[in-house]
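Student: The structure's right below; bear with me while I get my questions together.
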Amino acid sequence: MEQTILDYVVEKTRALMAAETCSSEAKQAAQAWLDAVGTDREREETGTYLQELEEDVVTIDELIAFAESAAGKGVFGEGAAKVSQQARQAKQAGAKYCFCPACTAAAAILEKKDLLLK
């Protein structure tokens with residue numbers, strides 16, 4: 001893998017792990033991947049990491065539905081309507097994924113999926 005791509009993914013992985021909205025499973029997969037970089041386990045851990053990110057990243061439509069649900073209102077409280085509105089605006093602007101820091105980092109990493117799997 002090209003060093004610039006690796007550096008980019010490492011940077012985004014650290015951002016993902018630092019995000020309050022990152023799941024514990026994604027943090028574990030991210031750390032396992034970081035630990036495997038440059039070893040004979042790198043390819044296997046890359047596949048596992050990318051699979052976890054694909055499972056965790058929230059689409060913009062899923063975010064809208066969640067923000068407008070009872071569960072979303074439980075999480076976002078009075079801010080649920082604002083999250084829904086922001087998500088709808090983001091969707092109109094062409095966003096595919098949730099705009100929280102974890103999903104933003106995960107989506108950036110997934111954009112490099114083909115390069116990571118070479």
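Student: Could you grab me the full set of residues in segment 43-90 that are surrounded by fewer than 17 Cβ atoms within 10 Å (Cβ to Cβ), under 16 Å from Ser23 (Cα atoms) and within 16 Å of the chain's Cα centre (by Cα)?
Tutor: Scanning segment 43-90 gives Thr48, Gln51, Glu54, Glu55, Thr59.
Student: Just to be sure before I move on: is Ser23 touching a residue at least 40 places away in the same chain (Cβ under 8 Å), open to solvent by less than 40 Å² (accessible area, probe 1.4 Å) and small (Gly, Ala, Ser) in the structure I sent?
Tutor: Values: touching a residue at least 40 places away in the same chain (Cβ under 8 Å): yes; open to solvent by less than 40 Å² (accessible area, probe 1.4 Å): yes; small (Gly, Ala, Ser): yes.
Yes: the conditions hold for Ser23.
Student: Could you grab me the full set of residues in segment 53-103 that are of a type in the set (A, V, I, L, M), outside any helix (DSSP H, G or I) and touching a helix residue (DSSP H, G or I) at 6+ places or on another chain (Cβ under 8 Å)? Working first, answer last.
Tutor: Step one: filter segment 53-103 for residues of a type in the set (A, V, I, L, M), giving 53, 57-58, 60, 63-65, 67, 70-71, 75, 80-81, 83, 87, 90, 93, 95, 102.
Applying the additional criterion that residues be outside any helix (DSSP H, G or I) yields 57-58, 93, 95.
Val57, Val58, Ala95, listed by residue number.
Student: Do we find a residue being in contact with a Lys or Arg (Cβ under 8 Å, 6 or more places away or on another chain) and touching a residue at least 12 places away in the same chain (Cβ under 8 Å) anywhere in segment 84-99? Step through it out loud before you land on a result.
Tutor: Taking segment 84-99 first, the residues in contact with a Lys or Arg (Cβ under 8 Å, 6 or more places away or on another chain) are none.
No, that holds for no residue.
Student: Checking the condition under 28 Å from Leu117 (Cα atoms) and in contact with a Ser or Thr (Cβ under 6 Å, 6 or more places away or on another chain), which residue from Asp56, Asp35, Asp40 passes? Let's see the steps before the verdict.
Tutor: Values: Asp35 fails: in contact with a Ser or Thr (Cβ under 6 Å, 6 or more places away or on another chain); Asp40 fails: in contact with a Ser or Thr (Cβ under 6 Å, 6 or more places away or on another chain).
Matching residue, one of Asp56, Asp35, Asp40: Asp56.
Student: Within segment 91-107, how many residues are among the hydrophobic types (A, V, I, L, M, F, W, C) and either farther than 11 Å from Leu16 by Cβ or surrounded by fewer than 19 Cβ atoms within 10 Å (Cβ to Cβ) (or both)? Quick ask: steps written out before the conclusion?
Tutor: Taking segment 91-107 and keeping what is among the hydrophobic types (A, V, I, L, M, F, W, C), we get 93, 95, 98-100, 102-103, 105-107.
Remaining after also requiring either farther than 11 Å from Leu16 by Cβ or surrounded by fewer than 19 Cβ atoms within 10 Å (Cβ to Cβ) (or both): 93, 95, 98-100.
Result for segment 91-107: 5.
Student: Quick check, is Thr4 hydroxyl-bearing (Ser, Thr, Tyr) and over 19 Å from Leu115 (Cβ atoms)? If you could, list the steps in order and put the result at the bottom.
Tutor: On the way: hydroxyl-bearing (Ser, Thr, Tyr): yes; over 19 Å from Leu115 (Cβ atoms): no.
Here the answer is no, as Thr4 does not meet what is asked.
Student: Let me ask something else. Name the residue, out of Met17, Met1, that is closer than 22 Å to Ala108 by Cα and assigned to a loop (DSSP other than H, G, I, E, B).
Tutor: Values: Met17 fails: assigned to a loop (DSSP other than H, G, I, E, B).
Going through Met17, Met1 in turn, the sole match is Met1.
The values are calculated or read from the model by the stated rules, or taken from the named source; none is laboratory data. What you see is a predicted model, and the numbers here were worked out from it, not measured in a lab. Backbone-built Cβ (ideal geometry, glycine too); neighbour counts: all protein chains shown. Surface areas here come from the heavy atoms of the whole protein model, side chains and all, with no ligands, DNA or RNA. Shrake-Rupley method; radii C 1.70, N 1.55, O 1.52, S 1.80 Å.
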